[in-house]
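To start, the structure under review is shown below, and the notes come after it.
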Amino acid sequence: MAALLSFLWPGLGQLYAGRRRQAIAFAVPAALVLLVVIYQMRQGFLVFGTRFVSPRFALAAFVIVVLLGTWRVVAVAHAFVAGEALGTRRTLERAVLAALVAAIVVSHSAAGYMLWVTYNAGSKAFNPDNPNLVDLVTPTLAPGETPGPSVDALPSVVPPPPDSRVTILFNGVDSSPSRGENLYDSIMVVSYDPKTNSVQMVSVPRDISNFPLYFGGKAPDWMRINALPTDVHAGFRSPDSPYITLVNEVQYLVGIQIDYYAVMDLGAFVKMVDMVGGIDVDNPSAICDCASGSWPGYDWMDGSPYGFSLPAGPQHLDGRHALAYVRSRHSAGQNDYSRQGRQQQVLIALLHKMAEPGQLLNLPTLIDTLASSVTTTFPADKVADYVAIGQDVPSGNIKQVVLDGEYFWGYLSSGASCLHYDKVADLSRQMFGQESLWSGKADPPATCGT
């Protein structure tokens, strides 16, 4: 009986055996661990779960789980010996003791294993240099060549001050081996302003060209912004590394300092949606990305028959169909701008789904699976804090903009699109005020059709 009581809570068995001081000594460490857990859960299950994304937090939790398991084994064994004075040491009780110790070892080993996996996965994901997703190698200058002007080389070098705006560039990259190049098909800037407790989201179409370059000149007609890192890698001159060229270019066009970036392979996006059990969206209009003329229909990239269709209205999507939902753009009335809006919609739906308490147990597996498919410069120990902040932002304080409509200039002869960059600069001034990089400055040069 004494061993069973200490299994339920260290020290109860000692108290049962009349050893109060020993009972207190065994109970207090376990009570302190419980108080720490309660404190960490003060902001809800989702915030608590995302704290394990930080490798330091996961490692500390691993150590605590191992030590607590050891402490519980000692408490149960000690209570068993203490119960000898009550005449309870028999063959049956020895078997019960062995079972209790085995239960502690198995449960704490399983928890420790999950935490160790989470620790390793977090260390991989929060490595800003994943060569499969980003190219951070600065091009070598030719003999006698001087580098052009540059802005901050790495957004993570100088983190924003406390209580100031934080802006992240989210990229979804298609790194399919069949393409032979990385295409950054999702380009979304998300900015949080603590002064107004508001979020601004700006999606940049992947097919724009002729955009003014932050280091001077303009992009040629054949270049599209989603392939900018690949073109720099292939020899297009830039003062910065291939991927940082994209970061700085988006920063220049949208007109807000980008503090961090996060890049996810589209294959990882499918896994993430499936792991949370799918997402729910309200499709604004029917989609039929089907065969038409020379267009064979949506390519699933897995050998499946071409074509994707989805009725208008509420829909539950698994990972495969969620990816088609954010990639499709050839349906009647749909274009690159339509899918940019759907990408923002899916991102918000995914965040809501991950906020459900039932998703807490999925986090270690989710982090481990995505570790090699995600890279970010965002500080791991700040993720939970910003998740908590995000839950407190009213939906009315979230402004979503896709650079289409009044910002769309037209199509170039290459088939790429071009924007009114002076109007994009006006949008930046409206959304970000004095924090806009275009505040108090002349508009960027008009480059469309020139």
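The values are calculated or read from the model by the stated rules, or taken from the named source; none is laboratory data. Bear in mind the structure is a predicted one, so any value in this text is a computation, not a measurement. Note that each Cβ is placed from the backbone with ideal geometry, even for glycine, and that neighbours are counted across all protein chains shown.
State the number of residues belonging to segment 41-53 that are more than 21 Å from the chain's Cα centre (by Cα) and either part of a helix (DSSP H, G or I) or touching a residue at least 24 places away in the same chain (Cβ under 8 Å) (or both).
0
On the given criteria, is Val66 on the phi < 0 side of the Ramachandran plot, of a type outside the set (Ser, Thr, Tyr) and modelled with pLDDT of 80 or more?
Values: on the phi < 0 side of the Ramachandran plot: yes; of a type outside the set (Ser, Thr, Tyr): yes; modelled with pLDDT of 80 or more: yes.
Against the criterion (on the phi < 0 side of the Ramachandran plot, of a type outside the set (Ser, Thr, Tyr) and modelled with pLDDT of 80 or more), Val66 qualifies.
Quick check on segment 239-248. Is at least one of its residues out of contact with any helix residue (DSSP H, G or I) (no Cβ under 9 Å at 6 or more places or on another chain) and surrounded by fewer than 21 Cβ atoms within 10 Å (Cβ to Cβ)?
Residues of segment 239-248 out of contact with any helix residue (DSSP H, G or I) (no Cβ under 9 Å at 6 or more places or on another chain): 247-248.
Now restrict to residues that are surrounded by fewer than 21 Cβ atoms within 10 Å (Cβ to Cβ): none.
Checked segment 239-248: no residue is out of contact with any helix residue (DSSP H, G or I) (no Cβ under 9 Å at 6 or more places or on another chain) and surrounded by fewer than 21 Cβ atoms within 10 Å (Cβ to Cβ).
Would segment 272-291 turn up any residue that is closer than 25 Å to Asp135 by Cβ, out of contact with any His (no Cβ under 7 Å at 6 or more places or on another chain) and small (Gly, Ala, Ser)? Can you show your working first?
Of all residues in segment 272-291, those closer than 25 Å to Asp135 by Cβ come to 272.
Within this subset, residues satisfying the condition of being out of contact with any His (no Cβ under 7 Å at 6 or more places or on another chain) are 272.
Imposing the further condition that a residue be small (Gly, Ala, Ser) reduces the set to none.
Taking every residue of segment 272-291 in turn, none turns out to be closer than 25 Å to Asp135 by Cβ, out of contact with any His (no Cβ under 7 Å at 6 or more places or on another chain) and small (Gly, Ala, Ser).
What residue, of Asp231, Asp289, Asp207, Asp259, is surrounded by 19 or more Cβ atoms within 10 Å (Cβ to Cβ) and in contact with a helix residue (DSSP H, G or I) (Cβ under 6 Å, 6 or more places away or on another chain)? Before you say what the answer is, go through the steps one by one.
Working: Asp231 fails: in contact with a helix residue (DSSP H, G or I) (Cβ under 6 Å, 6 or more places away or on another chain); Asp289 fails: in contact with a helix residue (DSSP H, G or I) (Cβ under 6 Å, 6 or more places away or on another chain); Asp259 fails: in contact with a helix residue (DSSP H, G or I) (Cβ under 6 Å, 6 or more places away or on another chain).
None of the others qualify; the one that does is Asp207.
Mind listing just one residue for me: the one in segment 214-226 that is buried (at least 19 other Cβ atoms within 10 Å of the Cβ) and among the hydrophobic types (A, V, I, L, M, F, W, C) and, of those, nearest to Pro445 (Cα to Cα)?
Across segment 214-226, the extreme among qualifying residues is Ala219.
Please name all residue pairs, on different chains or six or more residues apart, with Cβ atoms under 6 Å, provided the first residue is in segment 254-276 and is touching a residue at least 60 places away in the same chain (Cβ under 8 Å) and part of a strand (DSSP E or B) and the second residue is among the small types (Gly, Ala, Ser) and crowded, with 22+ Cβ neighbours inside 10 Å.
That search, which allows pairs on different chains as well, returns Met264/Gly172; Asp265/Ser373.
Looking at segment 182-191, is at least one residue assigned by TED's automatic domain parsing to the domain that holds Val270, at pLDDT below 80 and of a type in the set (Asp, Glu)?
So far as segment 182-191 goes, no, none of its residues is assigned by TED's automatic domain parsing to the domain that holds Val270, at pLDDT below 80 and of a type in the set (Asp, Glu).
Going through segment 236-248 one residue at a time, which ones are free of Cβ contacts under 8 Å to residues at least 40 places away in the same chain and either touching a strand residue (DSSP E or B) at 6+ places or on another chain (Cβ under 9 Å) or in a loop (DSSP other than H, G, I, E, B) (or both)? Working first, answer last.
In the first step, residues of segment 236-248 are kept if they are free of Cβ contacts under 8 Å to residues at least 40 places away in the same chain; the result is 236, 245.
Matches in segment 236-248: Phe236 only.
For Ala61, state whether it is assigned by TED's automatic domain parsing to the domain that holds His108, assigned to a helix (DSSP H, G or I) and at pLDDT 90 or above.
Working: assigned by TED's automatic domain parsing to the domain that holds His108: yes; assigned to a helix (DSSP H, G or I): yes; at pLDDT 90 or above: yes.
Judged against the criteria, Ala61 is a match.
Output the number of residues of segment 210-228 satisfying the condition of being out of contact with any strand residue (DSSP E or B) (no Cβ under 6 Å at 6 or more places or on another chain) and part of a loop (DSSP other than H, G, I, E, B).
12
Do we have Arg72 as within 29 Å of Val276 (Cα to Cα), assigned to a helix (DSSP H, G or I) and touching a helix residue (DSSP H, G or I) at 6+ places or on another chain (Cβ under 7 Å) here? Outline the logic, then answer.
On the way: within 29 Å of Val276 (Cα to Cα): no; assigned to a helix (DSSP H, G or I): yes; touching a helix residue (DSSP H, G or I) at 6+ places or on another chain (Cβ under 7 Å): yes.
When the stated conditions are applied, Arg72 does not pass them.
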